[in-house]
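Right, one structure below, let's go through it.
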Amino acid sequence: MKSFYVTDIGLKRSVNQDSVYCNENSIGNLPNLFVVADGMGGHRAGDLASRLCVDTLRESVEETSLKTPVSILEEALLSAHKKILESAMADPACEGMGTTTVAATIIDNHLYIANIGDSRLYILREKLCQITEDHSLVEEMVKSGELAKENVRSHPNKNIITRALGIGTEAMPDFFEIELQSDDIILMCSDGLTNMLEDAEIESIIRREADDLEKAGMTLLNRANDMGGKDNITILLVRV
């Protein structure tokens with residue numbers, strides 16, 4: 001297994017509200033852990049929410065007595081949700097803060113994924129496939145037939161999230177399990193990448209630089225900034 005990650009403020013924001021955690025080694029009862037979080041709720045609050053998410057996930061996984069990956073990830077996400085809510089209640093300046101997140105672990109030849117919000121996980125095999133589903137208004141519009149998939153990136157409401165950690169009384173993450181194949185490449189990212197680049201270009205760049213994850217990640221980052229860099233950009237790549 002090889003991995004690479006990078007997070008960048010982009011060209012338009014004054015604060016990086018993204019957080020990332022990349023650990024190829026064992027942590028608690030998991031053999032590895034990868035997390036991307038994209039905070040929201042004002043400069044200070046969004047930054048804090050994503051950082052609390054990553055820190056609480058890591059601490060929960062380190063300390064848990066649970067054994068199965070889905071139960072470990074679920075407990076960690078619910079702990080992060082509670083921590084963000086408590087922090088928001090303690091500081092009026094952080095009221096309403098929240099964060100999206102996607103977390104994953106690889107055990108043997110299986111990938112276990114948890115996500116809430118619109119940070120994504122893709123797998124590149126014969127083609128680039130988005131595994132997670134966005135919890136967003138535009139995704140609901142696509143499912144109902146109101147909006148064509150190709151018009152999502154240009155829709156004025158594309159940033160409206162329907163689920164997030166720290167928002168509402170309950171957190172409702174989705175969980176996925178994928179059987180991996182040799183040479184699969186996993187991409188986890190915030191929407192600062194996917195709002196700037198089409199999936200086809202993302203696939204082309206990763207495939208072209210598949211032997212060098214750092215070069216692939218930096219090329220994706222630079223292209224997202226070339227296309228406007230309107231948001232913070234986080235990219236995490238793992239090759240099986």
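The values are calculated or read from the model by the stated rules, or taken from the named source; none is laboratory data. Note that this is a predicted model, so its numbers are computed, not measured. Cβ atoms come from the backbone with ideal geometry, glycine included; neighbour counts cover every protein chain shown.
Summary of values
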{"quantity": "Test: residue 197 is buried (at least 18 other Cβ atoms within 10 Å of the Cβ), in a loop (DSSP other than H, G, I, E, B), without any contact (Cβ under 8 Å) to a residue 40 or more places away in the chain and over 17 Å from the mean Cα position of the chain (by Cα)", "calculated": "no"}
{"quantity": "Residue match in region 223-238 (condition: aliphatic (A, V, I, L, M), exposed (fewer than 15 other Cβ atoms within 10 Å of the Cβ) and out of contact with any Leu (no Cβ under 7 Å at 6 or more places or on another chain))", "calculated": "no"}
{"quantity": "Exclusive hit being touching a Phe, Trp or Tyr at 6+ places or on another chain (Cβ under 6 Å) and closer than 29 Å to residue 218 by Cβ, set 36, 20", "calculated": "20"}
{"quantity": "Unmet requirement for residue 152, which otherwise passes all of (1) under 30 Å from residue 89 (Cβ atoms); (2) touching a Lys or Arg at 6+ places or on another chain (Cβ under 9 Å); (3) modelled with pLDDT under 95", "calculated": "(1)"}
{"quantity": "Any chance residue 124 is touching a residue at least 60 places away in the same chain (Cβ under 8 Å) and of a type outside the set (Val, Ile, Thr)", "calculated": "yes"}
